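Notes for the one structure printed next.
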Amino acid sequence: MFTDNPFIAAAAFLPPRFLQVYVILMVLAVVAGTLFDLYHKRSAQFFTQQRAQSSAAATRRLSGADVASIAARTFAHDVATFGEFCNPSRRLSHVLMFYGFVLYLVTTVVMVFGYPADPHTPAVLPVLWNIGALMVLIGGYWFFFFLRVNVVHDGQPPWRLVRADLFIVALLASVSFALLFEWVAMAGNPMATRVFFGAYLFFTTLLFVSVPWSKFAHMFYKPVVAIQRRVEEADGSSDLPTPTTTGGERCPPSPT
Amino acid sequence: MPTFTYMTRCDGCGECVDICPSDIMHIDPIHRRSYNIEPNFCWECYACVKACPQHAIDVRGYADFAPLGASVRVLREEAKGTISWKIRYRDGRLKEFTFPIRTTPWGSIKPPSDYAPADANALSSPLLAHEPDALMVAALPMLLAFEPAQG
């Protein structure tokens, strides 16, 4: 049932050490991919230049406490609750995908390292793993079919895939095959278990190895941009006019 | 002076794609952010600049004649009914202006769909559809009918 460690089924044809080494390799792939992305796109240089320009244009000097307060507000509003989005559907789909993925990832790591091939895995871990995977799939397929901007606003067919889809397609395929692998293992079909586990590993590897070419990095640079925007508003270096609304009007009414 | 998108600020909402009267704001296939596909055809109407909720779109001058270092930024606050402009001259001077977006209440203008279909027999009239009623005047000045002399 959904209260059993799904990775026990893989232990029938793979040693538990295999998945542990695999998880470590994927972590290294994300770190290396992010560093390569920073170097290749010169993102660090860009943000440093932006910061230097806004510091030169600042009319007020912010204290360390001010910056800490801005960082806390940015985390609470823009990062934790995806407040950047004005479209509530896009915001909710990102919340589902992000928190679902975190839940799914953390429980995967705990089960792979803490309970490798252990039939006495606490039931809460597989349950949370399944809930996280379902959250990713609900938010992800909603986004893929109904919210992608090139489909909704640019009139492209949903099946026309471009490079910007690499991240969402790899994520959805990885999580979908994870659940299929779990279900066929529960049904007791060893051949299908091997096939779906292979597909699960393939798309998971694609998800983490493709960081320099996919939209994976936007999880890292979007919070930086949000902090920078708030700092510019606070220190007077923003090039935007002074808002007439107290606190500024973040999201104008929109039909979309 | 075409528009361009600050890719890091854009969140790919598509408002600019919808509002661009030239249909030149599109979504790029690599980062799924907006971009101007044909800068030569941009007529600097500022519709996308005003509509962007992230203020991620700006307008640049051509380097061969525009004052370098100058900028024109705009902030549209629909709830308050104001539109504000911040003008930065290349000598560093700053000027800010705020104007009302409109002088009549929202929704007070009758949309075209609420008018009755135009009468096809009026094609020979010099008036446009629903004139003069829609202009809220009793009548419009008319030229006298031209009757060429027979000769």
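Residues that are away from chain B (no Cβ under 14 Å) and either assigned to a helix (DSSP H, G or I) or within 16 Å of A:PHE216 (Cβ to Cβ) (or both) within the range A:137-170 comprise A:LEU137, A:ILE138, A:GLY139, A:GLY140, A:TYR141, A:TRP142, A:PHE145, A:ALA170, listed in sequence order.
Every residue, every condition in (1) modelled with pLDDT of 90 or more; (2) surrounded by fewer than 16 Cβ atoms within 10 Å (Cβ to Cβ); (3) among the aromatic types (Phe, Trp, Tyr), yes or no:
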site: A:THR204; (1), (2), (3): yes, no, no
site: A:LEU207; (1), (2), (3): yes, no, no
site: A:SER210; (1), (2), (3): yes, no, no
site: A:PHE216; (1), (2), (3): no, no, yes
site: A:MET219; (1), (2), (3): no, yes, no
site: A:GLY248; (1), (2), (3): no, yes, no
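Taking the range B:36-151 and the strands (runs of 3 or more DSSP E) fully enclosed by it, the elements with 2 or more residues that are surrounded by 11 or more Cβ atoms within 10 Å (Cβ to Cβ) and charged (D, E, K, R) are at B:71-77, B:82-88.
Listed by first and then second residue, the pairs with beta-carbon distance under 6 Å, at least 6 apart or on different chains, first residue in the range B:93-109 and over 22 Å from A:GLY236 (Cα atoms), second surrounded by 10 or more Cβ atoms within 10 Å (Cβ to Cβ), are B:PRO100/B:GLY81; B:ILE101/B:GLY81; B:ILE101/B:ILE83. Residue pairs whose Cβ atoms lie under 8 Å apart, separated by 6 or more positions or on different chains, with the first residue in the range B:23-42 and more than 16 Å from B:CYS10 (Cα to Cα) and the second outside any loop (DSSP other than H, G, I, E, B) and among the hydroxyl-bearing types (Ser, Thr, Tyr), are B:PRO39/B:THR3; B:CYS42/B:THR3.
The values are calculated or read from the model by the stated rules, or taken from the named source; none is laboratory data. Computed from a prediction, not measured in an experiment: that's the story for all the values here. Heads up, the Cβs are rebuilt from the backbone with ideal geometry, glycines too, and the neighbour counts pull from every protein chain shown.
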